[in-house]
Amino acid sequence: MHRHLAVLRARPYAFVLVLVVALVIANAVVRPSFLAPAQWPALLGTLAPFAILGMASTPPVLGGGGVDLSVGPLATLVNCVLVSVLLPHGLGGPLVSIPLLLLLGVGVGAVNGVLVAIVRLDPVITTLGSLFVLTGAALKIAATPRDTGRSWTTDLAGLMGGWFPGALLTMAAPAVLWLGLRRTAFVRNLYAVGGDDAASFSAGVNVTAVRIGTYAIAGLFASIGGIALTALIQSSDSSLGTTYALVALAAVSLGGTSLAGGTGGVLGSFLGACGIFLLQELLSATGASSNYVQLAYGVLLVLGVILGATLARGKKKEVLA
């Protein structure tokens, strides 16, 4: 038992990695065509919003700034802005729309960060308020769904150039950005702040700037998730924000990131999102009611919280010893 906990503390994503492998096998048994190469582009396209929003939720939690409930609604707002505003007005080309959408995400994230880190509002209340504001804005912009038509987003959930799964590009974007950040002092400071913000402050780390930065990064990743969502559904849809907010939080928790901060990472959240997606696919393949999908999200969230709390207690005992 102690050996297993030691492995989980060293590799917090180990549990969800085993779960993902088991779910892949289960899906292949229930539906043999699941692993057929022809299915991969569509499967990856469906996975992409799950995975990207799971990664988007991770930095604020790692930095001890609390959960960000607004990433799902922000992704749907980006989707609605792209489909219902930019594309119809001739601004939907990738060279124009991508920078605008990313700036929108960074701006919303930075506002959340300022409210949490400077104004000292509770992170849950702050981002819950953002959830309602963003959902309302998306409803105002796209009261009824609107199709994209043929656009540059079309192949991002299918095949690009007839052979490359476009979803790999959208999922790789936040991963590459995070790997780049890991080469800087920012991520080291982020983990330090999440582990002990008082000690980090005493060591000269700008705790406020780090926490604002984590929310800005969350917003940036959420914008990429909104583009992936647009590629998947090929329309505007303002009703998906709450669902994806729950999925993102469950992915972070299941992936081994401690909600107290300082432990975990983007890889674990990506695997957590994969686990949720694979479980959803398995339930669908077995003909289970859609009501069980929401139940599964809740169970996985609780399981992840229990796992994170167990690892945190074990880490605290090691420090005290």
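The values are calculated or read from the model by the stated rules, or taken from the named source; none is laboratory data. The structure presented is a predicted model; accordingly, all values stated were derived computationally and were not measured. FYI the Cβ positions are ideal-geometry reconstructions off the backbone, even for glycines, and counts take in every protein chain you see. Just so you know, the surface numbers come from the protein's heavy atoms only, side chains and all, with ligands and any DNA or RNA stripped out. Shrake-Rupley method; radii C 1.70, N 1.55, O 1.52, S 1.80 Å.
Going by what's in this entry, would Leu134 be described as within 20 Å of Ile224 (Cα to Cα), assigned to a helix (DSSP H, G or I) and open to solvent by 60 Å² or more (accessible area, probe 1.4 Å)? The answer is no for Leu134.
Selection of region 94-120 for residues being within 17 Å of Asn206 (Cβ to Cβ) and not aliphatic (A, V, I, L, M) yields Gly113, Arg120. Comparison of Leu62, Leu103 shows that the only residue that is touching a residue at least 60 places away in the same chain (Cβ under 8 Å) and under 19 Å from the mean Cα position of the chain (by Cα) is Leu62.
If you scan region 278-292, which residues turn out to be part of a helix (DSSP H, G or I) and more than 18 Å from the chain's Cα centre (by Cα)? Spell out the reasoning first.
We begin by selecting, within region 278-292, every residue part of a helix (DSSP H, G or I); these are 278-285, 291-292.
Across region 278-292, the qualifying residues are Glu281, Leu282, Leu283, Ser284, Ala285, Asn291, Tyr292.
Number of residues in region 115-170 that are under 17 Å from Leu86 (Cβ atoms) and of a type in the set (Val, Ile, Thr) equals 4. Filtering Gly308, Gly304, Gly275 for residues that are touching a helix residue (DSSP H, G or I) at 6+ places or on another chain (Cβ under 9 Å), at pLDDT 80 or above and in a helix (DSSP H, G or I) leaves a single hit, Gly275. Contact annotation: residue pairs with Cβ atoms under 6 Å, 6 or more positions apart or on different chains, pairing a residue in region 158-180 that is over 14 Å from Leu44 (Cβ atoms) and part of a helix (DSSP H, G or I) with a partner that is of a type in the set (A, V, I, L, M) and open to solvent by less than 70 Å² (accessible area, probe 1.4 Å), are Pro174/Ile52; Pro174/Met55; Pro174/Ile224; Trp178/Val266. Among the listed residues Thr230, Thr243, which satisfies the condition of being of a type outside the set (A, V, I, L, M, F, W, C), surrounded by fewer than 24 Cβ atoms within 10 Å (Cβ to Cβ), in contact (Cβ under 8 Å) with a residue 24 or more places away in the chain and in a helix (DSSP H, G or I)? On inspection, the qualifying residue turns out to be Thr243.
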